[in-house]
Amino acid sequence: SDYWTCLVAHSKYFAKPGDFDALVTLEALHRYFADKHDDRSHYRARILEQTIRKYETTGIQKIDPNMTRFRAMYAAACDASLRSGGWWYEAPRDAWWDDNWFLFRGIGWPKGVKVVHMARFGRMQLVLPMRDEALLRSVVEQRATSYTNGSAPAINVVPVGKTKSAFQINVPKVTDFSIAAPPPEFEQFLAAVEFFASFY
């Protein structure tokens with residue numbers, strides 16, 4: 001029977017011309033998914049980035065002590081600041097390099113509703129399992145009327161994948177997760193989480 005072969009590998013992988021019908025590099029796949037705006041694509045991009053780095057270093061995926069420490073600090077800040085019994089958030093765990101997305105869910109929230117903090121990008125999103133962006137923008141406009149003197153925070157409505165949308169606000173970016181860097185003001189991040197709870 002006829003068949004078609006495609007090699008998916010790092011760009012440095014050696015393959016003779018004609019050995020395969022097509023070659024797709026891990027780097028090309030990473031760029032493709034990184035340019036998307038949905039959670040699933042960003043997750044795939046992170047996994048591909050880890051795979052690329054693994055190939056380029058020792059060949060063994062290693063735990064990143066800096067990111068592991070940072071996530072533990074974040075969890076401790078959640079323990080200290082978020083309303084007791086009101087939230088689910090990620091417990092401290094071993095983490096890989098650039099594992100910098102943090103998830104929150106309000107206890108009792110419907111399935112699919114969550115807060116996502118993209119620390120390196122400086123974005124906080126309240127993700128909703130709906131795609132009526134016009135309705136969500138009207139909610140933002142109505143919410144803005146409760147503020148005086150133009151003090152309403154800037155809230156954007158953005159698509160998430162094909163079926164979801166999110167309210168999005170900007171928070172300070174975290175660009176250095178190393179032990180040498182001063183810790184960020186976690187209180188600002190958690191205030192944004194609580195803000196979304198009242199918004200929802």
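How about region 157-183: which of its residues are free of Cβ contacts under 8 Å to residues at least 40 places away in the same chain and surrounded by 14 or more Cβ atoms within 10 Å (Cβ to Cβ)?
Correct list: Val157, Ser165.
Could you check Pro153 against (1) within 13 Å of the chain's Cα centre (by Cα); (2) open to solvent by less than 60 Å² (accessible area, probe 1.4 Å) and say which number it fails?
(1)
Select, from Phe186, Phe199, the only residue that is at pLDDT 90 or above and open to solvent by less than 80 Å² (accessible area, probe 1.4 Å).
Checking each option against the conditions leaves just Phe186.
Let's see how each residue does on (1) open to solvent by less than 50 Å² (accessible area, probe 1.4 Å); (2) modelled with pLDDT of 90 or more:
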site: Gln50; (1), (2): yes, no
site: Lys54; (1), (2): no, no
site: Thr58; (1), (2): no, no
site: Lys62; (1), (2): no, no
site: Ala75; (1), (2): yes, yes
site: Ser84; (1), (2): no, no
site: Trp87; (1), (2): yes, yes
site: Glu90; (1), (2): yes, yes
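The values are calculated or read from the model by the stated rules, or taken from the named source; none is laboratory data. Predicted model, so just to flag it, every value in this text is computed and none were measured. Backbone-built Cβ (ideal geometry, glycine too); neighbour counts: all protein chains shown. Only protein heavy atoms, including side chains, enter the accessible area calculation; ligands, DNA and RNA are left aside. Shrake-Rupley method; radii C 1.70, N 1.55, O 1.52, S 1.80 Å.
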